[in-house]
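Below is one structure; the comments refer to it alone.
The values are calculated or read from the model by the stated rules, or taken from the named source; none is laboratory data. Every value quoted in this text rests on a predicted model; they were computed, and no experiment measured them. Cβ placement follows ideal geometry from the backbone for every residue including glycine, while neighbour counts extend to all protein chains displayed.
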Amino acid sequence: MLLAVSSPLTRLIPGLMIWTIVFFLIVFFVLRKYAFGAIQNMIDQRREHIQHAIEAADEARNEAQKLLEEHRKLIGEARGEAESILAEARKTGQAMEQRMRDETESERQRRLEETRKEIASETARALAQIRNEVADLTLEAASRVVGKTLDAKRDQELISEAIAGLDFSRLEESA
């Protein structure tokens, strides 16, 4: 304590105190008139700017939320459309596959019928050829047995009648 009393900074000097208070008040009034108003205006402007920025951020957040919900809705709709398109494509594919099967089956049946007709035609042609050859061979054999030439026209008619009476189905069964 003795040190505090002897220090020039801690000693009370009444004149210095009064002048310090007077200068303090002068500086305070000058600052209040010129500086504090400008500083307060800057602080108010900054506060308003920050308030506007917060409001703009809230609006942007709300808009972003709306856009996100709209985006999710659009994605849901797109998925629904994609699923319906896929379902339709599957239906179309199945229908085309069934149509191809039906067309293939009808083509197979048509070719089978054509083949049956060709076989029947070839069988009839072969039987006619066999009949002609049998008639020729019979005529040849009869002329050798009889030893003379027969009347070809009359004999041909007789042979045709005889062949018509023959049952060729036995030849078809044995073949």
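Data table
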{"read-out": "Selection count where residues are among the charged types (D, E, K, R) and within 20 Å of Ile163 (Cβ to Cβ), scope region 103-144", "value": "7"}
{"read-out": "Filter result for Arg131 (basic (Lys, Arg), at pLDDT below 80 and surrounded by fewer than 10 Cβ atoms within 10 Å (Cβ to Cβ))", "value": "no"}
{"read-out": "Residue check for Arg108: assigned to a helix (DSSP H, G or I), modelled with pLDDT under 95 and more than 26 Å from the chain's Cα centre (by Cα)", "value": "yes"}
{"read-out": "Residues located in region 74-88, provided they are among the β-branched types (Val, Ile, Thr) and more than 11 Å from the chain's Cα centre (by Cα)", "value": "Ile75"}
